[in-house]
Amino acid sequence: MMNSLYSVRMRASCHDRHLSGAERIVPVHAVAETTAALIERALSAHLGPPDKIHCHSEQIDPEAVQYAKLPDVHSYQVASVQEGRLAATQLLLGAGLSADCAARAVATLAGGAGPHGSVMRGAALMDAVNGERLEHDPARGVRVSRMDLLSTCRPEVEALLAVAGLGHHRVLEALVLSGKVLHAPGIVAELCWSDAPDYVTGYVATPQCGYQRISQLKAVGDKRGGRVFFVDQTKVTVSALVDYLERQPLLFDAAGTIAPLKKWEKADA
Ligand code: AMP
């Protein structure tokens, strides 16, 4: 197949502790080069050298691929973790979640969303009405996969992010992941902050407002983080949503807008 596409996925670990992961969707001629780049990245992970690197390539049917535009990006500067979590809560309320549900999600990530306060490998699924946890495996959660930028769109998106001071690959990858989440059926919002102890920026993403970065959602040194996806169960079943998030290939073929950094004001919500 001349135009065949492959999903290329890498994960690296040491003593079974996850160190890094990344994935791409590329044409067949780019599989070898992409695999080499992902392995190179695994070997230079700042948490130390991995003792295991899994790299997996799998052909995907070009006919099955969906296309979408990336979400618009907003960035809010907050003065403290407390203000950041308040901002996140307000953005979640703006998406239609109840105060109880928003507070439950923030507390879930703050305390470690996995069993015994551990960090989950994937995301928690939360009912958008009553805050009930819906993922079947509380340690793994839901792993969003099979998404990327269309190769012709990548240079423009990278340039736009770089001009906005958001050129680190972490931002682009989170934006692509979140873009897929927002494109999934029945998703009301997403809340995320990283488990990396030195990375305190997080975001709230919603279908109406896009990807809204918040400069501080946890304290430096805190190893807890994660993702919560809020689901409207009147629109989708959990199994259909999980199948979409984990298996449906999605390529982004257009950039969204990127707004300049703005000080968070309560009235923004
Ligand atoms: P990161 O943004 O890579 O620091 O990841 C933050 C948290 O998001 C991780 O601790 C996981 O709980 C979750 N996560 C990472 N990758 C994925 C993914 N592909 N799908 C769903 N959740 C993820």
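Quick notes
- DSSP-defined beta bridges in the chain - what % are antiparallel, rounded to 5: 65
- Here the contact order of the chain, divided by its residue count and restricted to Cα pairs under 8 Å and six or more residues apart, works out to 26 percent.
- For the chain, the calculated P(r), taken from all Cα-Cα distances in 5 Å bins from zero up to the bin holding the longest distance, is 1, 6, 13, 17, 20, 19, 14, 8, 3, 1, 0 percent.
- Column: log10 I(q)/I(0), Debye, Cα scatterers of the range 54-176, q = 0.14, 0.21 Å⁻¹: -0.90, -1.31
- Mean projection of the Cα convex hull over all viewing directions, computed for the range 131-269: 9.3 nm².
- Carbon and sulfur %, accessible surface of the chain computed with the full protein complex present, 1.4 Å: 55
- Amide H to amide H, with H built 1.01 Å from N, residue 120 comes under 5 Å of 113, 114, counting only residues 5 or more places away or on other chains.
- Extension gain from residue 254 to residue 51, taking 0.36 nm per residue of separation minus the Cα-Cα distance: 69.3 nm
- Charged side chains reduced to their Cβ positions (Lys and Arg at +1, Asp and Glu at -1) give the range 68-268 a dipole of some 240 debye around its Cα centre.
- For the pair residue 65 and residue 208 in one chain, pulling the backbone fully straight at 0.36 nm per residue adds 49.1 nm over the alpha carbon distance.
- Ratio Rg/Rh, restricted to the range 1-109 and using Cα atoms, in which Rh is the Kirkwood radius: 1.12
- The 3J(HN,Hα) values that the Karplus relation (6.51, -1.76, 1.60; θ = phi - 60°) gives for the range 158-165 are, in residue order, 4, 5, 4, 5, 5, 4, 7, x Hz. Gly and Pro appear as x.
- Cα-Cα pairs of the range 5-64 separated by more than 16 Å (percent): 42
- Span from the the range 1-80 Cα centroid across to the the range 204-226 one, whole angstrom: 21
The values are calculated or read from the model by the stated rules, or taken from the named source; none is laboratory data. The structure presented is a predicted model; accordingly, all values stated were derived computationally and were not measured. FYI the Cβ positions are ideal-geometry reconstructions off the backbone, even for glycines, and counts take in every protein chain you see. Just so you know, the surface numbers come from the protein's heavy atoms only, side chains and all, with ligands and any DNA or RNA stripped out. Shrake-Rupley method; radii C 1.70, N 1.55, O 1.52, S 1.80 Å.
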